[in-house]
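Data block below; observations after.
Only the coordinates and a few stated rules stand behind these numbers; no lab work does. Note that the structure is a prediction, hence the values are computed from the model and not measured. Note that each Cβ is placed from the backbone with ideal geometry, even for glycine, and that neighbours are counted across all protein chains shown.
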């Protein structure tokens, strides 16, 4: 979303994580997405690093949404992203891929994830977005993970006691920016010279 917002042309390669291309693993042994490979060979394989890189390319557009200020200046923003990328991500993986995490039940993983949902719900009692009435990088960084958590059992999430978080999530799901970047592409075949070049 941030790459699109910053009007950066990229070559997209749709991959199946159940059949990871050799080129992807050569770029990043982590075997997770997203992976951004720059023309000079620099590789970013963490979402937050990709977001920061995109913001650095176009400070005018990023400032219009005030996306960078809270990561640079707010300990609260940094703390939320650390929890999201740490404890919440582990709970999300257990909740979403329960069979691969047999040490706890799916319900237990969901309950652990709910600790973060409760924290976000409390923050949203004070303002429209997580840290203020303006969208920040923190919202953009956390939104995809909340979306995954919600859609493991959407009926449960829609009936849960997090109405403000539900509204916050729906705001992003309905946004033109999100709908634009969710275009589906054919799975990339590294044996062929195929690509999806996104130009702005």
Pull out the extension gain between residue 128 and residue 40, defined as 0.36 nm times the separation in residues minus the alpha carbon to alpha carbon distance; nm, one decimal. 27.7 nm
Using only DSSP helix segments of four residues or longer, with each worth -39500 (n - 2.57), what per-residue ellipticity at 222 nm results for the chain after dividing by its residue count and rounding to 500? -15000 deg cm²/dmol
Among 125-136, 172-183, the order from most to least packed when residues are scored by Cβ within 10 Å on average: 125-136, 172-183
Normalised by the number of residues in the stretch 74-178, what is the relative contact order in percent for Cα pairs under 8 Å and 6+ residues apart? 26
Mind checking which of 187, 152, 35 has the largest fluctuation in a GNM of the chain, springs on alpha carbons under 10 Å? 187
Return a whole-number percent for the relative contact order of the chain, with Cα pairs under 8 Å and 6 or more residues apart as the contact set. 30
Consider a paramagnetic label point 7 Å from the Cα of residue 89 along Cα→Cβ; state which residues of the stretch 138-152 have an amide N under 18 Å from it. 138-150
If you look at just the Cα atoms of the chain, how large are its Rg and its Dmax in Å? 17.6, 52
For labels at residue 160 and residue 105 in the simple 7 Å Cα→Cβ model, what's the distance in nm? 1.7
Can you classify the stretch 74-178 as rounded, prolate or oblate using the Cα gyration tensor, where a ≥ b ≥ c are the square roots of its eigenvalues, rounded means a/c under 1.5, and otherwise it's prolate if a/b beats b/c and oblate if not? prolate
The stretch 18-57, relative contact order in percent, only Cα pairs under 8 angstrom and at least six apart counted: 26
Span from the the stretch 1-32 Cα centroid across to the the stretch 127-190 one, whole angstrom: 20
